[in-house]
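Visitor: Below you will find the structure I want to go over with you.
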Amino acid sequence: MTVDKLSLSFEPSLAKQIRRAAKSGGQSVSAFVADAGEHRLKLETAKSLINEWEAEHGEISERELAGVRKRWRG
């Protein structure tokens with residue numbers, strides 16, 4: 001697999017937490033940060049899609065949100 005190497009800088013307390021979380025999850029720091037980056041990108045995509053939908057159909061109501069939450073929880 002081809003990879004791009006990045007150099008990242010974190011505040012020491014955050015770096016410590018990342019190392020600890022990666023270790024407890026059985027991942028390398030690189031894998032942990034990559035997973036976090038992928039998650040963030042998915043959230044940004046979802047946010048963009050919601051904004052597009054609301055621009056066309058209006059703001060999502062609390063009633064609509066409650067319906068979605070109910071379906072998610074089964």
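The values are calculated or read from the model by the stated rules, or taken from the named source; none is laboratory data. Because the structure is predicted, anything quoted here is derived from the model rather than measured. FYI the Cβ positions are ideal-geometry reconstructions off the backbone, even for glycines, and counts take in every protein chain you see. With ligands, DNA and RNA removed, areas are computed over all heavy atoms of the protein, side chains included. Shrake-Rupley method; radii C 1.70, N 1.55, O 1.52, S 1.80 Å.
Visitor: Which one, G26, T45, G58, projects farthest toward the positive side of the charge dipole computed for the chain from Cβ point charges (K/R +1, D/E -1)?
Guide: Positive-end residue among those listed: G26.
Visitor: Then there is this: Within the chain, how many lysine pairs that are 8 or more places apart, or on different chains, have C-alpha atoms less than 28 Å apart?
Guide: On the way: K5/K16; K5/K23; K5/K42; K16/K42; K23/K42; K42/K70; K47/K70.
The number of close lysine pairs in the chain is 7.
Visitor: Report, to the nearest whole %, how much of the accessible area of the chain belongs to carbon and sulfur atoms, 1.4 Å probe, protein only. Present the calculation step by step, with values, prior to reporting the outcome.
Guide: On the way: 3890 of 7100 Å².
For the chain, the apolar C and S fraction of the accessible surface comes to 55 percent.
Visitor: Within region 9-71, list the GluC sites (Glu not before Pro) lying in a DSSP loop whose Cβ has at most 10 other Cβ atoms in a 10 Å radius. Kindly include the intermediate steps, with their values, before the conclusion.
Guide: Values: sites: E38, E44, E52, E54, E56, E59, E62, E64; in loops: E59.
Those satisfying the criteria are E59.
Visitor: Here is a further query. Rounded to the nearest 500 deg cm²/dmol, what is the calculated helix-only ellipticity per residue at 222 nm for the chain, with -39500 (n - 2.57) per DSSP H run of length n ≥ 4? Can you show the working numbers first?
Guide: Details: 3 runs with 54 residues, N = 74.
Result for the chain, helices only: -24500 deg cm²/dmol.
Visitor: Computed over the Cα atoms, what is the radius of gyration of the chain divided by 2.2 N^0.38 Å, N being its residue count?
Guide: Details: Rg = 18.1 Å, N = 74, 2.2 N^0.38 = 11.3 Å.
Normalised Rg, Cα atoms only: 1.60.
Visitor: Probe of 1.4 angstrom, ligands and nucleic acids ignored: what's the accessible area per residue over the chain, in square angstrom? Please list the in-between numbers first.
Guide: Working: 7100 Å² over 74 residues.
It amounts to 96 Å² per residue over the chain.
Visitor: In whole Hz, with x marking every Gly and Pro, tabulate ³J(HN,Hα) for region 14-31 from phi via Karplus 6.51 cos²θ - 1.76 cosθ + 1.60, θ = phi - 60°.
Guide: 5, 4, 4, 5, 5, 4, 5, 5, 4, 4, 5, x, x, 10, 6, 4, 4, 5
Visitor: Label points 7 Å out from Cα along the Cβ direction at R40 and M1: separation in nm?
Guide: 1.9
Visitor: Quote the FRET efficiency, to the nearest 0.05, computed for E11 versus K47 with a Förster distance R0 of 25 Å and r equal to the Cβ-Cβ distance. Let's see the in-between values first.
Guide: Details: r = 26 Å, r/R0 = 1.02.
It comes to 0.45.
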